[in-house]
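Asker: Following this message is one structure expressed as structure tokens.
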Amino acid sequence: MRKTGRFLTAAAALMGSTLLTAAPAEAAPYWQTVSTNLSWKCAPTAAHPAKAGVGYQACLVRNAYDDAQVVLVVVNNSSSAVTISGTVTSSFGPDASCSAYNLAVGERRGCFGTTGPIAECLYGAGFPDPGEQNYGGTVRLTVNGVGKSMDSPTTECVEPPA
């Protein structure tokens, strides 16, 4: 009986670790510190209507492997903390949601969407030109219960190998 119990415990631990390693890495539902660089394309910062001094923007990050991710970035330059939450949708991965978070004065955070591959360009009758096959997403920021959305910049399809 003891050997069976140990075997089942070991099997359960192995299954649990397998499930954890098989899952894709995601930052959602947590708000993360953000630092943009040249691989980030961001829409202009917009003022959120719920609180003067709170700005947000939608960004698109594309890596050298032709994977991309949409990020909701928010900054609080108001005179008091605000409660935020957010959602990120994209044309290359599942939707992501970020839980409620108390954003302090002067703080900047990001809600990261799912990373996914950019589709290959499609050619032929009925398909738009490759330069018109763009992929991106939409972010929605809720501040103190008031939601507002914006579209991210887009990126072009991937040229198939020759």
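Where a number appears in this text, it was derived from the coordinates with a stated rule and is not lab data. As the structure is a computational prediction, the values presented were derived from the model and not from experiment. Here the Cβ positions follow ideal geometry from the backbone for every residue, glycine too, while neighbour counts run over all protein chains shown.
Asker: Label ASN37 and SER149 with points 7 Å out from Cα along Cα→Cβ: what is the distance between them in nm?
Answerer: 3.2 nm
Asker: Something else about it: Do you know the relative contact order of segment 59-162, to the nearest whole percent, from alpha carbon pairs under 8 angstrom that are 6+ apart? Numbers along the way, then the final one.
Answerer: Working: 250 pairs, mean separation 31.6, N = 104.
Relative CO of segment 59-162 lands at 30 percent.
Asker: Which peptide among 145-157, 122-134, 84-96 comes first, and what is the full order, when sorted by highest mean count of other Cβ atoms within 10 Å?
Answerer: Details: 145-157: 15.7, 122-134: 10.3, 84-96: 20.9.
Taking the mean over residues of other Cβ atoms within 10 Å, the ranking is 84-96, 145-157, 122-134.
Asker: Now for a different question. Looking at segment 84-162, what % of its DSSP beta bridges pair antiparallel, to the nearest 5? Display every interim value, and only then the final one.
Answerer: On the way: 20 of 21 bridges.
Close to 95 percent.
Asker: Then there is this: Report the Cα centroid-to-centroid distance between segment 116-133 and segment 60-96 in angstrom, as an integer.
Answerer: Spelled out, the Cα-based centre of one part sits 25 Å from the other.
Asker: Enumerate the amide H contacts of SER152 below 5 Å, restricted to partners 5 or more residues apart or on another chain; note that Pro and chain-start residues carry no placed amide H.
Answerer: Hits under the 5 Å cutoff: GLY137, THR138, VAL139.
Asker: Something else now. Once you put a point 7 Å from the Cα of ASP95 and another 7 Å from the Cα of ALA46, both along the Cβ direction, what distance in nm separates them?
Answerer: 1.8 nm
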